[in-house]
Amino acid sequence: MDRIVSLLPAATEIAAALGLMDRVVGVSHECDFPSEANLRQRVTHCPAHNAGMSSREVDEWVRRALRENGTIYTIDEPLLRKLRPDVILTQKLCDVCAVGYGTVARLAETLPGPPTVVNHEPSSVSDIFDDIRRVAKVCDVPARAEKLIANLSERVENVRERAARIPDRPRCFLMEWVDPPFCSGHWGPELVEIAGGYDPLGRKRQPSVQIRWQEVLDTQPDVIVLALCGYNIDRARRDYEILRGFPDFDSLPAARRGEIYLVDASAYFARPGPRIVDSLEILAGILHPTEFAEFVSRGADDPRVVHVG
């Protein structure tokens with residue numbers, strides 16, 4: 001039976017959704033779902049993780065670490081060797097999201113076997129589904145992937161078909177970072193589109209980038225969703241207070257109409273695994289609450305999405 005080490009929270013969720021958690025022997029420092037992942041040994045470390053830094057400090061630290069070291073993570077190589085994985089799940093999508101593919105691939109070549117390294121590099125919803133297939137194929141459970149993807153696809157099409165009947169398509173700024181401001185990228189604008197909105201600042205199938213605040217003022221979004229990379233709702237609340245202090249924030253239609261939302265991006269939007277479909281449903285409930293009443297925020301204690309203004 002394959003021994004799996006997952007260096008990516010989304011990959012851990014994919015493994016779990018495929019019924020493979022009993023094979024997972026090691027995970028990254030950020031893998032926290034399902035709860036069983038917290039019982040596995042942590043193979044990576046990041047000094048900035050839960051270090052209490054502000055968003056501005058995190059951004060500056062990441063830029064400096066990447067410039068000086070080429071990475072922000074360290075791998076516990078002795079532990080990885082002890083775990084003797086047959087399969088390592090990693091990614092090439094983002095240097096900030098997890099250990100880089102090149103680092104993992106070079107290390108894997110020195111391990112017994114050597115283990116198969118499975119790369120995740122999605123830029124769309126269909127790419128995420130392909131990643132599920134890729135993990136299932138390597139772990140010899142392809143039928144489970146097709147069953148899972150069929151269920152996820154049915155939920156996506158449910159939202160797409162219902163949203164397509166709604167003529168109103170609000171301008172939605174899906175914000176990936178506040179200080180400094182970043183727009184959404186990769187699958188983010190696609191989720192907004194399927195849910196019946198339009199993200200004028202989003203970069204579909206491309207990396208998120210830093211933008212000028214003036215660009216947000218120029219596009220006059222009807223809705224703002226703070227889907228801050230790696231942040232849960234409590235952490236996002238602090239950055240919402242920073243956002244409210246930006247010049248002319250109160251002049252935006254979203255601010256005037258009270259259409260501002262915080263989501264748990266750590267669990268959903270920034271994690272390209274099965275719960276990306278939950279992210280789509282959350283957006284549908286935000287953009288069209290009458291049509292998608294079942295997805296609307298359940299109040300201030302909703303762990304998925306909170307309406308703040």
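For the range 86-230, the relative contact order works out to 19 percent when only alpha carbon pairs closer than 8 Å and six or more residues apart are counted.
Counting lysine pairs in the chain that sit 8 or more residues apart in sequence, or on different chains, and whose Cα atoms lie under 27 Å apart gives 6. Between GLN220 and ASP130, full extension at 0.36 nm per residue minus the direct alpha carbon distance yields a gain of 28.9 nm. The solvent-accessible area of ARG3, taken with every protein chain present and a 1.4 Å probe, is close to 90 Å².
Is the range 222-309 best put as rounded, prolate or oblate by its Cα gyration tensor, with a ≥ b ≥ c the root eigenvalues, rounded for a/c under 1.5, and otherwise prolate when a/b is larger than b/c, oblate when not? Here the range 222-309 falls in the oblate category. Taking the Cα centre of the chain as reference, the dipole from Cβ charges on Lys and Arg (+1) and Asp and Glu (-1) amounts to some 560 debye.
Residues GLU60, GLU157 ordered from highest to lowest accessible area at a 1.4 Å probe: GLU60, GLU157. Taken along its three principal axes, the alpha carbon spread of the range 150-301 comes to 44, 33, 30 Å, from the longest extent down to the shortest.
The three principal axes of the Cα atoms in the range 141-195 give end-to-end lengths of 43, 31, 11 Å, sorted in falling order.
Neighbours of GLY196, meaning other residues whose beta-carbon lies under 10 angstrom from its beta-carbon, give a summed charge of +1 when Lys and Arg score +1 and Asp and Glu score -1. Between ARG165 and ARG56, full extension at 0.36 nm per residue minus the direct alpha carbon distance yields a gain of 35.1 nm.
By the Cα gyration tensor, the chain has an equivalent ellipsoid whose semi-axes, rounded to whole angstrom, run 34, 23, 15 from largest to smallest.
The values are calculated or read from the model by the stated rules, or taken from the named source; none is laboratory data. The model shown is predicted, which means the values in this text are computed figures rather than measured ones. Reconstructed Cβ throughout: ideal geometry from the backbone, glycine too, with neighbour counts over all protein chains shown. SASA here: full protein model, heavy atoms, side chains in, ligands and nucleic acids out. Shrake-Rupley method; radii C 1.70, N 1.55, O 1.52, S 1.80 Å.
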